[in-house]
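Below is one structure, written out as structure tokens; comments come after it.
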Ligand SMILES: [Zn+2]
């Protein structure tokens, strides 16, 4: 009998591959996971999901799953049914993460636990330009107000016509594995938030050559490859096109929130940045390297859900207020006493109380339910 469990420091996961794309089977499996004290944390298509579950339940769950006609991971090797490209990437990413070498590379990643100030992954003082807000007369709807419930993640790898702009299969799988690892960690930090990441994975190739003579602005460096990619996805150009794509994704996947994550090798203004509703990252990931994509992408996801930077080079302030509770940025490195390790301050797998509040994670009356859980 295949044992699907793996145990890492932050969570206990199982990969589940269903035999059909019947929504009833998905629902039945989700309910079965719940009866074993677990929950669905990531979805890669109608047949492929990750569950977070106490490790002591893994064996009993696997047995129950087989009884209920769902196939385990081993079933995919000679699967009589095709999985989609996105589902296949989700499975490949999970297998990559199960390899001890992956965990070792993560543990030895350059700049582990160092302040983001060493090589800032975003330039918050230029947020207005990064968001393209000046183009719009009215404010856009907020597609990521706080991190509770299901989230559509449109993960889009955009390749170009020349080899230097293309990803090998191993690089595509690494991107998905890093995102799966980082977002899985984030969801596990507050089970009561019921966070489920529902992926739409796309690998797109556009015809435009790289042009390093383009003006050094976010939009000038992003539009030439982003807009043809949006066109392939059936949407118009510009930030509005990204908003339309994310809104359509939320509708199609039936999630509460959503955002897009673009990965590319095209030359950018900066190697990583975020403003609602999208994150943009260069595969090389500057000094943090590809084996640090998980931490940078998850930090950027923090921005998508309203978290401010906390490292001192970001010029943060302990009095600025953020998130659904209008909480101060009390762990800003320039003024916090004590200053505590936190993903919004450093390349580290920790969340401070302030960042939790900015994400919307607070239980003020201590009743075990988050204040916003019923919102
Ligand atoms: Zn940041």
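When the test is whether a residue is part of a strand (DSSP E or B), buried (at least 17 other Cβ atoms within 10 Å of the Cβ), at pLDDT 95 or above and away from the ligand (no atom under 16 Å from the Cβ), residue 230 does not pass it.
Among the residues of segment 303-357, what is the count of those that are in a helix (DSSP H, G or I), within 14 Å of the ligand (Cβ to nearest atom) and in contact (Cβ under 8 Å) with a residue 60 or more places away in the chain? Number of matching residues: 5. Residues in segment 88-117 that are closer than 23 Å to residue 44 by Cα and not in a helix (DSSP H, G or I): 99 only.
Among the residues of segment 281-302, those identified as more than 12 Å from the ligand (Cβ to nearest atom) and assigned to a helix (DSSP H, G or I) are 286, 287, 288, 290, 291, 292, 293, 294.
Under the condition of being under 21 Å from residue 89 (Cα atoms) and outside any strand (DSSP E or B), the residues counted in segment 31-50 number 2. The sole residue among 347, 331 that is farther than 30 Å from residue 168 by Cβ and crowded, with 19+ Cβ neighbours inside 10 Å is 331. Going by what's in this entry, would residue 128 be described as over 19 Å from the mean Cα position of the chain (by Cα), away from the ligand (no atom under 13 Å from the Cβ) and modelled with pLDDT of 95 or more? So residue 128 does not fit the description; no.
Just to be sure, is residue 250 assigned to a helix (DSSP H, G or I), surrounded by fewer than 23 Cβ atoms within 10 Å (Cβ to Cβ) and at pLDDT 95 or above? Criteria met by residue 250.
Of the residues contained in segment 251-270, one or more are found to be within 14 Å of the ligand (Cβ to nearest atom) and over 12 Å from the mean Cα position of the chain (by Cα).
The values are calculated or read from the model by the stated rules, or taken from the named source; none is laboratory data. Keep in mind the model is a prediction, meaning the values are calculated, not measured. Note: ideal-geometry Cβ built from the backbone for every residue, glycine included; neighbour counts use all protein chains shown.
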